[in-house]
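A short worksheet on the structure shown next.
Coordinate-derived values only; no laboratory data. The model shown is predicted, which means the values in this text are computed figures rather than measured ones.
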Amino acid sequence: MASRKTTKPVKTATIPCPPCNGTGEVSRPVRVGRKHRLVGQQTGMCLNCFGAGEIPADD
Ligand SMILES: [Zn+2]
């Protein structure tokens with residue numbers, strides 16, 4: 001009986017998350033007040049990939 005090694009290629013089906021460019025973080029504008037005055041930017045977790053930086057690439 002011959003033991004055969006089956007090496008199947010492991011495809012990483014993930015692509016870098018576009019909104020955060022694979023960083024897992026996105027900087028978004030911070031607005032305050034009723035007029036939503038822009039006061040700066042805040043870095044937060046990317047809600048598209050949930051901080052993973054990559055998203056599954058479905059065919
Ligand atoms: Zn992301």
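What whole-number volume per residue, in cubic angstrom, does the convex hull of the C-alpha atoms of the chain give?
Details: hull volume 6.1 nm³, N = 59.
So the per-residue Cα hull volume is 103 Å³.
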Multiply the residue separation of V30 and K11 by 0.36 nm, subtract the distance between their alpha-carbon atoms, and state the gained length in nm to one decimal. 2.9 nm
